[in-house]
Structure formats: C-alpha cells, structure tokens
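Chemist: Quick one: structure below, then a few questions.
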Amino acid sequence: MITTRIVATGASVPDMVVTNDDLAKIVDTSDEWIVQRTGIRERRISGGENTSVLAINTARQVLERAKADSEQVDLIIVASVTPDYGTPSLACMVQKELGCVNAVAFDVVAACSGFMFALSVADKYIKTGVYRNAIVIGAETLSKIVDWSDRTTCVLFGDGAGGAFVEASTEGDGILAEELGSKGELCEILTEGQTLCANAFNEVSPDEAAYYIYMDGRAVFKFATKMVVKSAANVIEQAGITADDIAYVVPHQANARIIDVVAHKLKMDREKFYMNMDRYGNTSSASVPMALNELNEKGLIHRGDKIMLTGFGGGMTWGTMLVQW
Ligand code: UT7
C-alpha cells in the first residue's frame, strides 16, 4: 500500500518582530491582557515582503532538505488566504522561482486549516499513484488584512510560512488517518477580504466591503474546542491507537487557552502539545507547518513517532491527521 510520508520540513518568517508592548502604543491593550488571554508575546510582521516571498523561501528550504531535484517535483500546493494576486497562484510563483518545470501547481483556500487541506489533497494524489511527491506550503501575510485599529483582532495575528516535502512510501509510515470537515453555516463568524461587485454599471464604495479580518472570538473559541476534540478522537479511533501512543500534537497556534481545553478534554498530557504562538502569534495556514518544522529542527521527532497535526479556522473548517514519522 502506498502512503504519503513527510521527508522534510521548512519555514520562513519576516525579520521584523512586533511585541505586545509595541501594539500597546497603537491600540488600547497591554502585554498582560494579550499573554493571559492568548499566550502570544510577539509576532513577525512583513516589512514589505509579500506572501510569495515567504512561500518561495520555504519551498526552497524543503526542497534542499529533501535533497530533491526541482525538475523531479510533481506537485506544488500552497494554502493561503493572503496571496499576492487573484492570479497567478502562489504555487505557480513558487514553481517559477524554483524551476519546478514538470510540476502541477495550484493554491487551496481553507483559512487556518489550509495546510491540513493542502496536505490531504497531496496525499490523495500520491496514494493513488498519480504523483510521486509534492511540496506543500501554508503561507500568509495576515498583516495586510488586519485592521490595525481593532484591538480585538490586531493582537492575534502574524506573518510567516511553513511547509513540507512529501513523497510516496511503501514502508507503512506517513499519513495513517485523517478527518477534514467544513461547517459553512458558521461562515460569518470569521471573515476577511470581501470584495463587492463593483463595475461600470454598479457603483459601490470600497468602504462597504468587509476587507479586514472580522472575528466573533467567543464563537470561534467554542467551535475550535468542540471540533478539534471531536476530530482528534475520531482520528485516534480510525488509526486504531490510543492518545498515549501519540508523541506530539501540533495544533493550530491560535490561543494557548484553546489548547488547554483540548488537552483536558482529550485527557492528554498538555506537554505533548507543541506551541510557538508566544513568538509568532496566529499565522493561519502557516501555523501548523511552522510549529511542525520547529519541532523537527529541535530534533524532538524520532523515526516511528506518531504525530497528530490539527488545524481549524475560517469557513468554518477543520482538519486533523495522524502521521507516523
Ligand atoms: O485562526 C482563527 C481562529 N481564531 C481563534 O481561535 C480565536 C478564538 N478566540 C479567542 O482566542 C478569544 O476569544 C480571543 C483571544 C479573541 C478573545 O478572548 P476572550 O477571553 O474571548 O475575550 P472577549 O472577547 O470576551 O473580551 C473580554 C474583554 C472585552 O472587554 P469587556 O467587554 O469585558 O469590557 C474586550 O473588549 O477584553 C476586551 N478586549 C481587550 N482588552 C485589551 C478585547 N481585546 C482586547 C485587547 N486588549 N487586545
């Protein structure tokens, strides 16, 4: 049986560090409030580099680490809600810069679950033998769609990209179980980037569009704790393992309190949940692969370890996977 295994990970963030104290100078907030309510201490913010720059840097790193030749890459998928353009896709921009001339390249949109959805798509192509390998990236510059005068959202988000090189395996490792889900009826609790239908015959003021991030924080919190717990339990059952068999959980880095609730409900050791939101905040589709890469770079993952990846976000959407390293 063919499975999809992760052979290399990578990440890229802008150099600019914005601390909670920096934000307290522009909105009515404090380091104490942000740390207590979210666990975030600082985030990286673009000094001008757009999402494609972060995606390309990450793709280059995973390709080098996988020791793969760019012409051998079959598939490039980038997940993002903040692409440079409507078209070309970020994936095509990555393809051009890396010279992956034989790859098929496209983007997917599933907000903070984006990397999980992109990895799932790559997995299906690989499992069915259509392609042998893929570069899968989550990349965002959320700073361009944040309302910097709204303290309820601007303290939460950051910019960055993370990704993986995945390939076909016949050794029984890789993605062993997954659950993706969508709840469109909740689509209005988290929105960004609305464009209205303006044309020569229908004038609309750009101010009427909900361009910046809007979030009903409490509703998202409730959704996240419910769906992450449910999908994690389903994936554990599907894989025929117990929670104790899992070495690490790499969750979406939205809020440390969400992770506390999830760990408690799953009766899992909180220490198994890897977190780096203190330094990067919520980077949407980049958050799970950035955290996975950090875990990997620290040498904390060993061959044979079972790792759970789980994301949730706008749509509303969620995705959980069990991966054997
Ligand atoms: O990736 C997308 C997924 N997003 C998420 O997972 C977010 C999920 N939600 C959350 O993480 C939390 O709901 C937040 C961190 C967004 C908010 O935390 P909360 O504990 O739910 O706070 P709240 O919205 O209930 O607000 C409590 C108070 C309010 O003041 P009043 O009405 O009690 O006087 C807010 O106005 O905190 C106030 N507040 C702030 N105060 C200082 C809201 N934002 C701030 C702020 N600084 N930045």
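The values are calculated or read from the model by the stated rules, or taken from the named source; none is laboratory data. This is a predicted model, so every value here is computed, not measured. FYI the Cβ positions are ideal-geometry reconstructions off the backbone, even for glycines, and counts take in every protein chain you see. We work out accessible area using only protein heavy atoms, side chains counted, and drop any ligands, DNA or RNA first. Shrake-Rupley method; radii C 1.70, N 1.55, O 1.52, S 1.80 Å.
Chemist: Based on alpha-carbon centroids, what's the gap between the stretch 1-76 and the stretch 157-180 in Å, whole number please?
Modeler: 16
Chemist: Is the stretch 93-136 rounded, prolate or oblate when judged by the Cα gyration tensor, a ≥ b ≥ c being the square roots of its eigenvalues, rounded requiring a/c under 1.5 and prolate requiring a/b larger than b/c?
Modeler: Taking the square roots of the gyration eigenvalues as a ≥ b ≥ c, the stretch 93-136 is oblate.
Chemist: Same structure again: Just order 119-132, 28-41 by mean Cβ neighbour count inside 10 Å, highest at the front, would you?
Modeler: Details: 119-132: 17.9, 28-41: 16.2.
Averaged packing, sorted descending, gives the order 119-132, 28-41.
Chemist: Right, something else. Excluding residues fewer than 8 places away in the same chain, name every one of the lysines whose C-alpha is closer than 20 Å to that of LYS127.
Modeler: In chain and number order, the partners are LYS306.
Chemist: What ranking, highest mean first, results for peptides 316-325, 44-53, 282-291, 204-213 when packing means the other Cβ atoms within 10 Å averaged over each residue?
Modeler: 282-291, 316-325, 44-53, 204-213
Chemist: On to the next question. What does DSSP give for the chain in terms of the percent of beta bridges that are antiparallel, rounded to the nearest 5?
Modeler: Of those bridges, close to 70 percent are antiparallel.
Chemist: Here's another thing I want to ask about it. If I take every Cα pair under 8 Å that is 6 or more residues apart in the chain, average their sequence separation and divide by the length, what percent do I get for the relative contact order?
Modeler: On the way: 799 pairs, mean separation 84.3, N = 325.
Taking the mean separation of contacting Cα pairs over the length of the chain, I get 26 percent.
Chemist: For the stretch 247-263, take each phi angle, set θ = phi - 60°, evaluate the Karplus expression 6.51 cos²θ - 1.76 cosθ + 1.60, and give the result in whole Hz per residue in order, putting x for glycine and proline.
Modeler: For the stretch 247-263, the Karplus-derived couplings read 6, 9, 10, 10, x, 4, 8, 8, 6, 4, 5, 5, 5, 4, 5, 4, 4 Hz, x marking Gly and Pro.
Chemist: Tell me the mean residue ellipticity at 222 nm calculated for the chain from its helices only (DSSP H runs of n ≥ 4, each -39500 (n - 2.57), averaged over every residue, nearest 500).
Modeler: Numbers: 10 runs with 103 residues, N = 325.
My calculation for the chain gives -9500 deg cm²/dmol from helical runs alone.
Chemist: Okay, moving on. Round to a whole number: what % of the accessible area of the chain belongs to carbon and sulfur, probe 1.4 Å?
Modeler: Exposed carbon and sulfur together represent 50 percent of the surface.
Chemist: Place the peptides 215-226, 182-193, 74-85 in order of packing, highest mean first, counting for every residue the other Cβ atoms within 10 Å and averaging per peptide.
Modeler: Numbers: 215-226: 17.0, 182-193: 15.1, 74-85: 24.8.
Highest-to-lowest ranking by the protection proxy: 74-85, 215-226, 182-193.
Chemist: Quick one: Cα convex hull volume of the stretch 93-188, Å³ per residue?
Modeler: Numbers: hull volume 13.3 nm³, N = 96.
It comes to 138 Å³ per residue, whole-number rounded.
Chemist: If you average the alpha carbon positions of the stretch 94-145 and of the stretch 254-325, how far apart do those two centres end up, in angstrom?
Modeler: Between the Cα centre of the stretch 94-145 and that of the stretch 254-325, the gap is 19 Å.
Chemist: What is the spin-label model distance, in nm, from CYS197 to THR19 if the labels are put 7 Å beyond Cα along the C-beta direction?
Modeler: About 5.0 nm, to one decimal.
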